[in-house]
Amino acid sequence: MDALVTTWLRFAACLGIVAAAAPQLCHSADVISDKTGLSGNWICLVLLAIATSLPELVTGASAVTLTGSVDIVVGDALGSCVFNLLILAVADFAQRGESMYRRVGLAMCRRPASASC
């Protein structure tokens, strides 16, 4: 098989693994939240952030270790941040009515019903 075709097939396989693992990752975060008593906000903020940042960490570590390319590390970190912000901006723009950021801000406020946010 041609090297380019093999590379594309490996890329597609990795993409499929990530797509299949994402729902399980979210479900596992919910289970951890229920079993430990930690808030879902804490689990999402810390554990899911760590899990979703691991690919950038591995890419950066291998780029510096194997090739000494600091440029790849900077490009990967900045590129992933910009892409994540782009996804949030598109989701906010597509949201009907109230801004997504306002809705999330109100949902994150975990005070008793008698207290106002």
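Odds and ends about this structure:
- Selection from region 1-25 of residues that are surrounded by 10 or more Cβ atoms within 10 Å (Cβ to Cβ) and over 17 Å from PRO55 (Cα atoms): THR6, THR7, TRP8, LEU9
- From the options LEU48, LEU25, residue that is modelled with pLDDT under 80, in contact with a Leu (Cβ under 9 Å, 6 or more places away or on another chain) and either closer than 22 Å to PHE11 by Cβ or aliphatic (A, V, I, L, M) (or both): LEU48
- Total residues in region 51-98, condition outside any helix (DSSP H, G or I) and either modelled with pLDDT under 80 or surrounded by 11 or more Cβ atoms within 10 Å (Cβ to Cβ) (or both): 5
The values are calculated or read from the model by the stated rules, or taken from the named source; none is laboratory data. All values reported here derive from a predicted model rather than from experimental measurement. Note: ideal-geometry Cβ built from the backbone for every residue, glycine included; neighbour counts use all protein chains shown.
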